[in-house]
Amino acid sequence: MTDGARVAVVIPARDEERLLPRVLAAVPPWVSSVVPVDDGSRDRTWDVIRAWHDPRALPMRLSPGRGVGAAIVAGYARALDIGAEVVAVVAADAQMDLAELETLVRPIARGAADYVQGNRFRCGRPNGRMPLARHWGNALLSASCSWAAGARVGDSQCGFTAAGADFLGRLDRRRLPPGYGFPAFLRLEAQRMRARVVEVPVRALYGDEVSGIRPLLDPPWICARILWRGIERRLEHSVVRRPPVHAPAFGSKRIGEAG
């Protein structure tokens, strides 16, 4: 199944008292540790977490809330502290099928990948019910991320992921945003680090959950930051690839040259 690897699941949650119980109940029994992180919820999310009496539970609470990215980073740190070898992330909104968790964990547990990200579009349009505006917004962000990374990114905003402990230990968390857009920037960092990245098809389960993303503000801002990362990458590469300027030999008429 997971080749005996110690697997932790981080569940960032903000105002998810209604859907979080469904996610907690679906965590497979082979998972070693579960880190639900309440990111400053205003509802009963923290009460739900505390009421989940599972010996694997390692509850965390960020107060005030710092953003979904900060909640995930806090969960990563907790999971690494207790010796997890693979750390998966699933949102608390019940949009991902935890029966598919093994497909994300397996490549890392078998030493074939450092970072695995789900791709909701390799199964067709997710569940046939993703709002068209969100569908095209995700496509635009994925295209921007592909350009910035210099590699194809199929679903940059999918937060159903798994990462190896070695990869997380090398990660510069200062380059990751505390709020929305975290999966895209983590993917960019994985590509920048030349980590072994794998995408696997996953199903998205859309119901009556309410997204916290502000459609007119968040996607353009995320896209702009992604594109800036792409510019940074190209500038870094141009500096690295530019050969040094050598002083001419004595008697040479050439002043010097640069590639």
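Looking at (1) assigned to a loop (DSSP other than H, G, I, E, B); (2) touching a Ser or Thr at 6+ places or on another chain (Cβ under 6 Å), find the lone condition where D54 falls short.
The failed condition is (2).
Residue by residue through segment 94-112, note down the ones that are within 18 Å of P12 (Cβ to Cβ) and surrounded by fewer than 17 Cβ atoms within 10 Å (Cβ to Cβ).
D97
Scan R170, R196 and give me the residue that is at pLDDT 95 or above and closer than 13 Å to Y76 by Cβ.
Exactly one residue qualifies, and that residue is R170.
Which of the residues that make up segment 35-51 are assigned to a helix (DSSP H, G or I) and of a type in the set (A, V, I, L, M)?
Those that are assigned to a helix (DSSP H, G or I) and of a type in the set (A, V, I, L, M): V48, I49, A51.
Restricting to segment 6-57, give me the number of residues that are touching a strand residue (DSSP E or B) at 6+ places or on another chain (Cβ under 6 Å) and surrounded by fewer than 17 Cβ atoms within 10 Å (Cβ to Cβ).
Matching residues across segment 6-57 total 2.
Being closer than 21 Å to G67 by Cα and at pLDDT 90 or above is the requirement here; does A162 meet it?
It is true that A162 is closer than 21 Å to G67 by Cα and at pLDDT 90 or above.
Could you grab me the full set of residues in segment 142-161 that are surrounded by fewer than 24 Cβ atoms within 10 Å (Cβ to Cβ) and more than 14 Å from R120 (Cβ to Cβ)?
A143, S144, S146, W147, A149, G150, A151, R152
If you check P177, P219, which single one turns out to be at pLDDT 85 or above, within 17 Å of the chain's Cα centre (by Cα), surrounded by 11 or more Cβ atoms within 10 Å (Cβ to Cβ) and under 14 Å from L141 (Cβ atoms)?
Result of the check over P177, P219: P177.
Which of the numbered conditions does C123 fail, given that it passes all the others? Conditions: (1) of a type in the set (A, V, I, L, M, F, W, C); (2) loosely packed, with under 15 Cβ neighbours inside 10 Å; (3) modelled with pLDDT of 95 or more.
Just one mismatch for C123, condition (3).
For a quick check of your reading of the model, give me the residue pairs whose first member lies in segment 168-184 and is closer than 21 Å to G118 by Cβ, whose second is small (G, A, S) and surrounded by fewer than 18 Cβ atoms within 10 Å (Cβ to Cβ), with beta-carbon atoms closer than 9 Å and at least 6 apart or on different chains.
Partner pairs satisfying both residue conditions: L168/A77; Y180/G212.
Of the residues that make up segment 138-146, is at least one touching a helix residue (DSSP H, G or I) at 6+ places or on another chain (Cβ under 7 Å), modelled with pLDDT of 90 or more, over 27 Å from V27 (Cα atoms) and not small (G, A, S)?
Yes: segment 138-146 contains one or more residues that are touching a helix residue (DSSP H, G or I) at 6+ places or on another chain (Cβ under 7 Å), modelled with pLDDT of 90 or more, over 27 Å from V27 (Cα atoms) and not small (G, A, S).
The values are calculated or read from the model by the stated rules, or taken from the named source; none is laboratory data. Computed from a predicted structure; not experimentally measured. We place every Cβ from the backbone using ideal geometry, glycine too, and count neighbours over all the protein chains shown.
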